[in-house]
Each structure stands twice: as C-alpha cells, then as structure tokens.
Amino acid sequence: MHTMREINSLRKLKIGNIDLKELENLARTAQKEKAVLGIDIYRYSEYPVEKQAYIPILFDFIYILCVQDCLEKEEFFFKKYKNFNSFKKQFISTGDGGFQIFDNPLEAIVFSMYFQTYIKKFNSGTMISTAIDNLNRVIGAVELRYALTYDNIHQYNSNFYGVGIINNARILAKDRLNRCLADNNTCQWFEKNVNGFENLLVIHKLDLLKTNYFKKYESSLKSDLFDTTKTMVKSALALKIGDIKSKNTDLSIYNLYIQAIMNRRSRKNYDDFVVSVGNLNTKGIE
C-alpha cells in the first residue's frame, strides 16, 4: 500500500518508468476519507476596502484562540495534534476563511463550536484583548457560514486536493442564509457511529468510549463539551433541505443546527455564552 510520502515522491521519479496500473493504484491508495470543515465570512467582498484589510487579521486571531482551546480543553478528540503548527498544517486558508481537515465529522463540529464562541465574543464586544475589541468598532459584527463534508482527499507537496474539498466549496457557495450545511456522507457517519447527529444532545464521553469508532480513545483525556457524565450540547438537529449537483454527482444537503453552553472569560464579568452553529432556516438551496 502506498503512503502519502510515496505520492509526494512522484516529483522525484521518472513517470515513464511506472506503468499505467501502478500509477492508477498509487493515486487510488493515496485517497483518505476525511472530514472537511469549510468556514466563510459572509459577504466579505462587499465590505468597504478599509474594512476588508482587517478581516484576515481577525480570522487569524480567532483561529489561534480556537486551536489553543481545542488542544487544551478537548484533548479527548485532538491529542494527535502536538501543537498549533501541526493543527495549522491541516488548514487551507482563503483569507476570509478556509478549509480545516479532520479525521471525522465530530471533530469538525467540536472545532466549529469553539470557533463560533469567539465570533460571538467578538460580536458582543467581550473579547479580553482591547485591540480585538477595537477591531469590532471598525469592522462591526461578522457572520459566518459553515459547510461540512466527509469524502476522499489526498495530499501532495503540503497541499490538499480531492472531492471532499471540491464539494465543500460548492456547498458553501450555495448558501445565502449563514447556515451549517453538510453532505449525506457526514450525516451517515453520525448515524453509523453515534446513532445520529441528534444524539449529540445526549451523548457524553463515556458513551463515546462504548462506540467502535472511539473505543480506543483515552478515557483520562478531558472534553469540556462532552464531559464524563454529561454534555454541554442543548440542541442538535439535522434536516434535509435539498440536492445540488457537483460535477456529475448529485449531493443530498442537510441543514445542521447545534447549540451548546460555552464558558469563556469576558470583559463583562459574565462568562457563560449560549453558542449556536448554523440556524433553523430550512429554506432550500439554489
């Protein structure tokens, strides 16, 4: 079986020395099923030029805070990441957003909850950093849309390619309502591994350890969102809203909505935030 390293080494080989079947096998075995979380700052291009310049700065700052939280407060899911740099290597930046690669859709949901927490803190003017609060006065409130796909991707020369990313970008581009949209593969993953997306409302860490997917995870590692005997998730819904065509493939699209209680330091001395990723607007997609 060929590894990502072997694929990357293609540039050092004389392609003419490899027969067609070997080339096809090399490409096929390099494909890995991964979850892709697309994040996009809505209507970035419509911001005045003087505000557009600050959007990438804001995104980077929130991304750093989010990764730090995931490494510290969600060790159960993210132990494999040694530090911030190893996390960032799985990120494709678009300036006003990007695509983060994960092993499974639940990791992507956890990450999105932390990211949205800091977006909410930014919009409410409760960031600890005075500089970022000043950015809020310049930019104003920002709105995000998310997309989640679970499909094959491959890596070459530190870049990511594949249908999982292509479909994610197409789904993001279709949304005009700042939702969290997902493909059918994502919802099937939740059905297969945790009895459905809606089960995030009741599942906790000890439950996850009973599943085939998470049974080898370390029970001693912490998860603030899915604690040992309870979950901070207060609502979780997945509703099919339509189909789109991506190249020659029809994609069933679902509207995901998840709400949780997050606790973060606040300049207003009130540290609880009810954070929602997505919304309940089930209008179809164009």
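Could you list, in sequence order, the residues of the stretch 172-197 that are of a type in the set (Gly, Ala, Ser) and assigned to a loop (DSSP other than H, G, I, E, B)? Outline the logic, then answer.
In the first step, residues of the stretch 172-197 are kept if they are of a type in the set (Gly, Ala, Ser); the result is 173, 182, 196.
Correct list: GLY196 only.
Among residues of the stretch 69-98 that are touching a residue at least 12 places away in the same chain (Cβ under 8 Å), those with a Cβ under 6 angstrom from a residue that is acidic (Asp, Glu) and assigned to a loop (DSSP other than H, G, I, E, B), sequence gap 6+ or separate chain, pair up as LYS73/ASP224.
If you take the residues of the stretch 91-103 that are out of contact with any Lys or Arg (no Cβ under 9 Å at 6 or more places or on another chain) and not in a strand (DSSP E or B), which of them is nearest to GLU33 (Cα to Cα)? Among those that are out of contact with any Lys or Arg (no Cβ under 9 Å at 6 or more places or on another chain) and not in a strand (DSSP E or B), it is THR94. Scanning the stretch 50-83 for residues that are under 17 Å from TYR118 (Cα atoms) and either aromatic (Phe, Trp, Tyr) or not assigned by TED's automatic domain parsing to the domain that holds LEU208 (or both) returns TYR54, PHE59, PHE61, TYR63. With respect to LEU256, determine if the residue is part of a strand (DSSP E or B), closer than 29 Å to ALA169 by Cα, at pLDDT 95 or above and in contact with a Cys (Cβ under 8 Å, 6 or more places away or on another chain). In short, yes. Between LYS51, LYS82, the distinction of being modelled with pLDDT under 95 and either over 23 Å from ARG176 (Cβ atoms) or not in a helix (DSSP H, G or I) (or both) belongs to LYS82 only.
Quick check: anything in the stretch 232-241 under 23 Å from ASP69 (Cα atoms) and either assigned to a loop (DSSP other than H, G, I, E, B) or free of Cβ contacts under 8 Å to residues at least 12 places away in the same chain (or both)? For the stretch 232-241, residues under 23 Å from ASP69 (Cα atoms) and either assigned to a loop (DSSP other than H, G, I, E, B) or free of Cβ contacts under 8 Å to residues at least 12 places away in the same chain (or both): present. Of all residues in the stretch 118-138, those satisfying the criterion of being among the β-branched types (Val, Ile, Thr) and either surrounded by fewer than 21 Cβ atoms within 10 Å (Cβ to Cβ) or modelled with pLDDT of 95 or more (or both) are THR126, ILE128, THR130, ILE132, VAL138. With respect to the conditions (1) touching a strand residue (DSSP E or B) at 6+ places or on another chain (Cβ under 7 Å); (2) farther than 25 Å from LYS192 by Cα; (3) not hydrophobic (A, V, I, L, M, F, W, C), ASP133 lacks only one, and its number is (1).
Before we move on, is LYS120 within 18 Å of the chain's Cα centre (by Cα), touching a residue at least 40 places away in the same chain (Cβ under 8 Å), under 22 Å from TYR47 (Cβ atoms) and assigned by TED's automatic domain parsing to the domain that holds ALA53? It would help to see each step written out before you state the result.
Details: within 18 Å of the chain's Cα centre (by Cα): yes; touching a residue at least 40 places away in the same chain (Cβ under 8 Å): yes; under 22 Å from TYR47 (Cβ atoms): yes; assigned by TED's automatic domain parsing to the domain that holds ALA53: yes.
Yes.
For (1) closer than 20 Å to ASP40 by Cβ; (2) of a type in the set (Phe, Trp, Tyr), each residue gets a yes or a no:
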position	(1), (2)
CYS180	yes, no
ASN193	no, no
GLU198	no, no
TYR257	yes, yes
GLY278	yes, no
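Just to be sure before I move on: is LEU208 buried (at least 18 other Cβ atoms within 10 Å of the Cβ), over 15 Å from LEU239 (Cβ atoms), modelled with pLDDT of 95 or more and in the same structural domain as TYR257 (by TED's automatic domain parsing) in the structure I sent? The answer is yes for LEU208.
Residue pairs whose Cβ atoms lie under 6 Å apart, sitting 6 or more positions apart in sequence or on different chains, and linking a residue in the stretch 190-203 that is within 16 Å of VAL110 (Cβ to Cβ) to a partner that is assigned to a loop (DSSP other than H, G, I, E, B), are PHE190/GLY196; ASN193/THR211; ASN193/TYR213; VAL194/ILE203.
The values are calculated or read from the model by the stated rules, or taken from the named source; none is laboratory data. On a predicted model such as this, the values are computed, not experimentally measured, just so you know. Note that we place each Cβ from the backbone using ideal geometry, even for glycine, and neighbour counts take in every protein chain shown.
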